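Student: Take a look at this one; I'll ask things after.
The values are calculated or read from the model by the stated rules, or taken from the named source; none is laboratory data. Just so it is clear, the structure is predicted and the values come from calculations on it, not from any experiment. All Cβ positions, glycine included, derive from the backbone under ideal geometry; neighbour counts span all protein chains shown. Heads up: the accessible areas ignore ligands, DNA and RNA and are worked out on the full protein's heavy atoms, side chains in. Shrake-Rupley method; radii C 1.70, N 1.55, O 1.52, S 1.80 Å.
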Amino acid sequence: MNNDVFRKSKDGAFYFVLGVIGLVVLAGLGAAYYMEHHGHVVTGMTNQIVWGLPHVFAIFLIVAASGVLNVASIGSVFGKPMYKARGPLAGLLAIAMLAGGLMVLMLDLGRADRLIIAMTYLNLKSVFALNVFLYTVFFTVVALYLWTMMDRKMHAYSKYVGFAAFIWRLALTTGTGAIFGFLVARQAYGTALLAPMFIIMSFSFGLAVFMIVQAVMYRWNDRVLDEAIQHRMKNLLAVFVAAVLYFTVVYHMTNLYFAKQTDFERFILLDGGVYTNLFWFGQILLGTLAPLAILFHPDLSKRSSWIVMAAMLVILGGFAQLYVLLIGGQAFPLSIFPGMVESSSFFDGRIHTYSPSLPEFLLGIGGVAAAALITAIAVKVLPFMPEDKVHKVIAAD
Amino acid sequence: MSNDVDNSRRKFIAAGVAGTAGLVLAPGVTLLDMANARPAGEAASSTKRWGMLIDSTKCATGCNDCVTACGKENGVASTGRPETDPQWIRKIELKEVKSGKSHSLPMMCQHCAEPPCVDVCPTGASFKRADGIVLVDRHICIGCRYCMMACPYKARSFVHEEHDDQNPDVPRGKGCVESCTLCVHRIDKDLEPACVEACSAGNHGAMLFGDLNDANSEISKRIATYATTQVRADLALNTGVRYQGI
């Protein structure tokens, strides 16, 4: 069956990869300790840019975690056998990425030692507190979902638990979007549009991650993914990428229409330096138009390596999008006195600067590595490799 | 000789008695002194709503008295790293785009009746006292900075590094968020916030502190008489700090 996922002949290579990933996790933990010991003064974050690179990584992982479960939902909830075979891997990735994202978020706290307080003192009016609840239940529901998918005796419940997971996933990403959507003061945020936008972003980023992990697993086992499956998944990814583009256009067009928001839009779209470049070249060109071109290209869209390339570009674009939204949104100063030019020793009225530091990057990438570590160990010990009934396996030996 | 010894013994005994009496009586005297203040065991009451009125026409560009007094009172000092240094109160210079008219005023926590920082705080560390003062409970603040994202006034600071110059009345700590407390430790002793005191001491008279719930208080009378402004009134946060002249 599935025992050949990481075949014995490749055991050495597997442990080497595991070791490398483990080292990255350790580097992330080391960075967190360093930040904790010296305080956030050693990071690029300031009283102006209060959330930095770790948050970009954390939110990417949390959003993608919810989105990757889409693959399982299409199988269980909408009854597509091809996706059903991929359900367990999707569930695993969802748990792994959420764990990685939360690790980053928690370790970035000013008082990470107060984790117990974060979990026991809940202000129910806070979207953050609501998210703590959403994450905890998500872990539980997805774990149950995995059980129903992977244990034959439990198969009968799979559809119901899958449906619960589907609904919960939508709630979870609504919650993530609402973290920003409920911020009344800042011009980049404070719109309910962010909730559905985060959901569609999760579909896109999550599927992109899934396709890359799937490709790695097939390659490792010298298997070839069925063309029809590849074709369907790449089309789905293209639809999601286009949908994210649609929401991006609506977001900016709405802002452009409101006179009070035009300065902010001018900053992001024209004069914002790194943010403008990341928006146009990172999110739009590399993260949206390039993958769409690949995914709809008559030849390239048939080659698995190009499809993986497109998925990687989608992820790159996702990071760029979150960077622009999070950091760019904070870099633009608060308008405390609309209609007046403000200045102070506290950088009022000025574009805030931010240069991410190495510890922040290491913490962020450490979270990605933690997700990879959980995934690698799990696929080694349990049958997560997608088994298609109609697949054409081309085994090397 | 023996008289000398007696004298010195008498003095010693007298000093001892006086000292003991002082130790016994002083707390009572202090209590009498503070009779007007709220006793330590009693909770803050919602019959009061502390607020401040700032007259920007009396606030001079370049005058930093309130900021200096706040720093001294609360132990908030600059480390020479302005981007990460906490600021509880700051002077903002304003210029109207069209007319070029300029204003200078202090900006700090506006002690909103509907504080966004309290709404978003996941643990409830950010809270509003019954008398309207918005505070951070340093024991349950986890340092997530969501309140800083939510505050429309950039009133909050994150403590980015260790501090060893704390005022015993004002505990501060690395990894927590902090902001103007309206000098709650002084208010509870029936004193005015340090910034207001300094502004009066300098004969500027730009800052007035008082109870917004008391119709007879000076601040309420002024607000009832003159046109005053709440900053970002469009957000309907019902701020405790009001401005005059902008």
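Student: What spacing in nm lies between the two simple spin-label points modelled at B:Leu191 and A:Thr353, each 7 Å away from Cα in the Cβ direction?
Tutor: In this crude spin-label approximation the distance works out to 4.0 nm.
Student: With +1 on each Lys and Arg Cβ and -1 on each Asp and Glu Cβ, how big is the dipole of the protein assembly as shown about its Cα centre, in debye rounded to the nearest 20?
Tutor: Values: 54 positive and 48 negative charges, 356 e Å.
It comes to approximately 1700 debye.
Student: Then there is this: Could you work out the mean count of beta carbons from other protein chains within 10 Å of each residue's beta carbon in B:120-130? Intermediate results must be reported in sequence, preceding the final value.
Tutor: Details: counts 10, 6, 15, 12, 8, 5, 2, 1, 0, 0, 0.
Mean inter-chain Cβ contacts per residue within 10 Å come to 5.
Student: Please give the per residue accessible area of the stretch A:134-210, computed with a probe of 1.4 Å over protein heavy atoms only, in Å².
Tutor: Numbers: 2970 Å² over 77 residues.
On a per-residue basis, the stretch A:134-210 sits at 39 Å².
Student: Write out the cysteines belonging to the protein assembly as shown for which the nearest other cysteine Cβ is not under 4.7 Å, or none if no such cysteine exists.
Tutor: B:Cys59, B:Cys63, B:Cys70, B:Cys112, B:Cys121, B:Cys144, B:Cys151, B:Cys183, B:Cys199
Student: Right, something else. Rounded to whole Å, give me the distance from the Cα center of the stretch B:193-246 to that of the stretch B:58-101.
Tutor: 18
Student: Another question, then. Using alpha carbons only, how many angstrom separate the centre of the stretch A:147-185 from the centre of the stretch A:237-256?
Tutor: 24
Student: A follow-up question, please. Students often get this wrong, so check it: of B:Lys48/B:Lys128; A:Lys159/A:Lys380; A:Lys80/A:Lys159; A:Lys10/A:Lys302; B:Lys58/B:Lys101, which have C-alpha atoms separated by over 19 Å?
Tutor: Values: B:Lys48/B:Lys128 13 Å; A:Lys159/A:Lys380 26 Å; A:Lys80/A:Lys159 12 Å; A:Lys10/A:Lys302 28 Å; B:Lys58/B:Lys101 15 Å.
Check vs 19 Å cut-off fails for A:Lys159/A:Lys380; A:Lys10/A:Lys302.
Student: Something else about it: In angstroms, what radius of gyration and Dmax does the stretch B:130-219 have, counting Cα atoms only?
Tutor: 15.2, 44
Student: To continue, here is another question. Calculate what fraction, in whole %, of the accessible area of the stretch B:177-217 sits on carbon and sulfur atoms when a 1.4 Å probe is rolled over the protein chains. Walk me through the intermediate numbers first.
Tutor: On the way: 740 of 1570 Å².
C and S atoms contribute 47 percent here.
Student: May I ask for the Kirkwood hydrodynamic radius of chain A, worked out over all distinct Cα pairs and given in angstroms to one decimal?
Tutor: On the way: mean 1/r = 0.0455 Å⁻¹.
In chain A this quantity evaluates to 22.0 Å.
Student: Further, regarding this structure: Rounded to the nearest 0.05, what FRET efficiency is calculated for B:Asn203 and B:Ser99 with R0 set to 22 Å and r the Cβ-Cβ distance?
Tutor: On the way: r = 29 Å, r/R0 = 1.32.
Approximately 0.15, to the nearest 0.05.
Student: At a Cα cut-off below 19 Å, give the aspartates and glutamates reachable from B:Lys95, other chains included and same-chain residues fewer than 8 away excluded.
Tutor: Partners within reach: A:Asp263, A:Glu342, A:Asp348, B:Asp55.
Student: Size of the dipole of the stretch B:50-244 about the Cα centre, Lys and Arg at +1 and Asp and Glu at -1 on the beta carbon, nothing else charged, in debye to 20? Can you show the working numbers first?
Tutor: Working: 22 positive and 25 negative charges, 125 e Å.
Result for the stretch B:50-244 is approximately 600 debye, rounded to the nearest 20.
Student: Going from most exposed to least, what order do A:Met150, B:Met52 have by accessible area with a 1.4 Å probe? Mind dumping the intermediate values first?
Tutor: Working: A:Met150 70, B:Met52 0 Å².
Output order, biggest surface exposure first: A:Met150, B:Met52.
Student: What do you get for trypsin sites (Lys or Arg not before Pro) in the stretch A:247-328 restricted to DSSP loop and a cutoff of at most 13 other Cβ within 10 Å of the site's Cβ?
Tutor: Values: sites: A:Lys260, A:Arg266, A:Lys302, A:Arg303; in loops: A:Arg303.
When the trypsin sites (Lys or Arg not before Pro) of the stretch A:247-328 are filtered for loop state and at most 13 Cβ neighbours within 10 Å, A:Arg303 remain.
Student: Between chains A and B, what is the buried accessible area summed over both chains (1.4 Å probe, protein heavy atoms, nearest 100 Å²)?
Tutor: Details: alone 19080 and 13940 Å², together 28450 Å².
Between A and B, the summed buried area is about 4600 Å².
Student: Using 7 Å Cα-to-Cβ label points, what is the A:Phe281/B:Thr68 separation (nm, one decimal)?
Tutor: About 4.9 nm, to one decimal.
Student: Kirkwood hydrodynamic radius, computed over distinct alpha-carbon pairs, for the stretch B:50-244: how many Å, to one decimal?
Tutor: One decimal place: 17.2 Å for the Kirkwood radius.
Student: Going by a ≥ b ≥ c, the root eigenvalues of the Cα gyration tensor, does the stretch A:183-352 fall in the rounded group (a/c under 1.5), the prolate group (a/b larger than b/c) or the oblate group?
Tutor: prolate
Student: Quote the FRET efficiency, to the nearest 0.05, computed for A:Met253 versus B:Asp234 with a Förster distance R0 of 30 Å and r equal to the Cβ-Cβ distance. Each step should come with its number before you reach the end.
Tutor: Details: r = 23 Å, r/R0 = 0.76.
The computed FRET efficiency comes out at 0.85.
Student: Name the residues of the stretch A:166-189 whose accessible area, probed at 1.4 Å, falls by at least 20 Å² once all protein chains are in place instead of their chain on its own?
Tutor: A:Leu183, A:Val184, A:Ala185, A:Arg186
Student: Another question, then. Working only with C-alpha atoms, what are the Rg and Dmax values of the stretch A:86-188, expressed in angstrom?
Tutor: Considering the stretch A:86-188 through its Cα atoms, Rg and Dmax are 15.7, 52 Å.
Student: Using amide H atoms built in the peptide plane, which far-off residues or other-chain residues are under 5 Å from B:Ile92 H to H?
Tutor: Here the answer is B:Leu105, B:Met107, since their amide H atoms fall under 5 Å of that of B:Ile92.
Student: Answer with one residue from B:Met148, A:Ile116, A:Gly101: the one whose Cα lies farthest towards the positive end of the charge dipole of the protein assembly as shown, charges on Cβ with Lys, Arg +1 and Asp, Glu -1.
Tutor: Among B:Met148, A:Ile116, A:Gly101, the one farthest towards the positive end of the dipole of the protein assembly as shown is A:Gly101.
Student: Along the Cα→Cβ direction, 7 angstrom out, place labels at A:Leu269 and A:Val381. What is the inter-label distance in nm?
Tutor: That separation, rounded to one decimal, is 5.2 nm.
Student: If Rh is defined by the Kirkwood formula over all Cα pairs and Rg also comes from Cα, what ratio Rg/Rh do you get for the stretch A:324-366?
Tutor: Working: Rg = 13.9 Å, Rh = 12.3 Å.
Using Cα coordinates only, the ratio equals 1.14.
Student: Here's something else I'd like to know. Count neighbours as other Cβ atoms within 10 Å of each site's Cβ, and list the trypsin sites (Lys or Arg not before Pro) in the stretch A:95-187 that are DSSP loop with at most 16 such neighbours. Don't skip to the answer; put the middle values down first.
Tutor: Details: sites: A:Arg111, A:Arg114, A:Lys125, A:Arg152, A:Lys153, A:Lys159, A:Arg169, A:Arg186; in loops: A:Arg111, A:Lys125, A:Arg186.
Sites meeting the loop and neighbour criteria: A:Lys125.
Student: Could you work out how far the C-alpha centroid of the stretch A:285-332 sits from that of the stretch B:106-124, in angstrom?
Tutor: Here the answer is 38 Å between Cα centres.
Student: A further question on this structure: List the residues of the stretch B:37-77 whose backbone N lies under 17 Å from a point placed 7 Å from the Cα of A:Ser345 along the Cα-to-Cβ direction.
Tutor: B:60-77
Student: What dipole magnitude, in Debye to the nearest 20, does the stretch A:183-352 give about its Cα centre under +1 on Lys/Arg Cβ and -1 on Asp/Glu Cβ? Before the final figure, lay out the partial values.
Tutor: Values: 10 positive and 9 negative charges, 62 e Å.
The calculation lands at about 300 debye.
Student: Translational diffusion coefficient of the stretch A:148-258 at 4 °C, 1.567 mPa s, Stokes-Einstein with Kirkwood Rh over Cα pairs, in µm²/s as a whole number.
Tutor: 78
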